[in-house]
Amino acid sequence: MNGTADTGRVALVTGGARGIGLACAVALQEAGHRVAVTYRTSPPECAEQAGLVAIRCDVTDAAGVDAAYGATEEALGPVEILVSNAGITRDNLLLRMSEEDFTAVLDTNLTGGYRLLRRGVRSMLRARWGRVVLISSVVGLGGQAGQANYAASKAGLVGLARSVAKELAGRNVTVNVVAPGPIETDMIDALSEKRQEEIRAAVPLGRFGTTAEVAATVRFLVSAEAGYITGAVVPVDGGLSMS
């Protein structure tokens with residue numbers, strides 16, 4: 001077991017090239033953990049400056065997932081913290097959504113999470129300590145027109161997390177879900193100003209969240225102080241999921 005009860009752990013954050021994933025990686029590194037981030041196409045430009053280990057990984061490929069863990073273990077040691085954030089969107093209305101677009105989103109967002117969990121918990125079980133956080137979405141809790149595939153994948157992460165949380169609790173491994181609402185990311189920036197205003201108006205707090213706010217929640221859930229929290233779904237959505 002590396003480090004103390006709360007710092008000096010080895011963390012793997014998937015989808016860490018930008019946005020929520022990168023913010024989580026930086027927050028964990030600042031908390032004293034040794035962090036590897038995965039990327040699919042381009043490594044994060046600030047990885048080296050932030051002290052992160054950047055590893056290419058496609059979560060739809062089981063061999064690639066295994067290789068990413070191997071590279072992390074070689075560089076930093078056995079993974080003790082997993083933040084599963086990698087995901088894609090292929091939005092469309094149901095009658096216009098191809099089966100390929102539906103299954104591609106499920107394979108990345110949900111089955112990808114399964115692949116990461118299945119490989120990652122090995123070292124956690126041996127150490128009898130581990131933290132897993134799956135990044136879901138408020139859309140997985142309430143649905144959204146035009147995002148049936150994305151909503152299904154994110155809702156599936158809740159069932160996956162709660163089932164695995166029950167399986168691993170006896171070995172002191174916690175599994176939790178963070179469900180962000182509208183967050184200031186490239187996805188929001190790509191929307192029209194009118195659409196952004198519509199979304200903002202639906203949020204009780206009247207604003208978009210920040211990636212730092214999501215990262216702070218993740219940082220807490222992997223800490224020693226959160227050791228009695230498992231199987232939880234934590235919305236970071238400005239109150240949006242209340243309705």
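The values are calculated or read from the model by the stated rules, or taken from the named source; none is laboratory data. All values reported here derive from a predicted model rather than from experimental measurement. Quick reminder, even Gly has a Cβ in these numbers, built from the backbone with ideal geometry, and neighbours come from all protein chains shown. Ligands, DNA and RNA are stripped out before the accessible areas are found, and what is left, the full protein with its side chains, is counted by its heavy atoms. Shrake-Rupley method; radii C 1.70, N 1.55, O 1.52, S 1.80 Å.
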| task | Rounded to whole Hz and in sequence order, give me ³J(HN,Hα) for segment 212-222 from the Karplus expression 6.51 cos²θ - 1.76 cosθ + 1.60, θ = phi - 60°, writing x for Gly and Pro. | result | 5, 5, 5, 4, 5, 5, 4, 4, 5, 5, 9
| task | With a bin width of 10 angstrom, please list the P(r) values of segment 106-237 as percents of all Cα-Cα pairs, from the 0 bin to the one holding the largest distance. | result | 12, 39, 32, 13, 3, 0
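Per residue, how much accessible surface does segment 97-140 expose to a 1.4 Å probe? Answer in Å², no decimals.
Working: 1740 Å² over 44 residues.
Counting only protein heavy atoms, the per-residue value for segment 97-140 is 40 Å².
Given DSSP loops and a limit of at most 13 other Cβ atoms within 10 Å, what is the longest stretch of the chain that contains no such trypsin sites (Lys or Arg not before Pro)? Provide the component values of the computation, followed by the final result.
Numbers: sites that count: 128, 207.
The longest uninterrupted stretch comes out as 1-127.
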| Can you give me the Cα centroid spacing of segment 67-107 and segment 129-185 in angstrom? | 13 Å
| Normalised by the residues of the chain, what does the relative contact order come to in percent, with Cα pairs under 8 Å and at least six apart? | 19 percent
| Roughly how tilted is helix 62-75, in degrees to the nearest 10 and between 0 and 90, from the longest Cα axis of the chain? | 50 degrees
| query | Roughly speaking, to the nearest percent, how much of segment 1-145's 1.4 Å accessible area is carbon and sulfur? | reply | 48 percent
| Added length on full extension, which subtracts the Cα-Cα distance from 0.36 nm per residue, residue 145 to residue 106 | 12.4 nm
| field | Per-bin percent of Cα-Cα distances, segment 66-106 [10 Å] | value | 23, 30, 20, 21, 6
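Give the Kirkwood hydrodynamic radius (Å, one decimal) of segment 168-243, defined as one over the mean of 1/r across all pairs of different Cα atoms. Please report the intermediate quantities before stating the final value.
Details: mean 1/r = 0.0724 Å⁻¹.
Averaging 1/r across every pair of different Cα atoms and inverting gives 13.8 Å.
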| query | Taking only Cα atoms, what is the 0 to 90° angle, nearest 10, from helix 193-202's long axis to the longest principal axis of the chain? | reply | 70 degrees
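What do you get for Rg/Rh over segment 27-107 if you use C-alpha atoms and the Kirkwood form of Rh?
Working: Rg = 15.6 Å, Rh = 14.5 Å.
That ratio equals 1.07.
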| request: Using amide H atoms built 1.01 Å from N in the peptide plane, name the residues 5+ places from residue 53, or on other chains, whose amide H lies under 5 Å from its own. | output: 35, 36, 37
| field | Radius, Kirkwood style, for the chain when every pair of distinct Cα atoms is counted (Å) | value | 17.9 Å
| Calculated from DSSP H runs of 4 or more alone, at -39500 (n - 2.57) each and per residue, what is the 222 nm mean residue ellipticity of the chain, nearest 500? | -13000 deg cm²/dmol
| So what is the orientation-averaged projected area of segment 3-145, using the convex hull of its C-alpha atoms, in nm²? | 9.0 nm²
| Hey, got the Cα dimensions of segment 137-189 along the principal axes, in Å, largest first? | 42, 22, 13
| Average Cα contact separation per residue, segment 63-169, under 8 Å, 6 or more apart, as relative contact order % | 33 percent
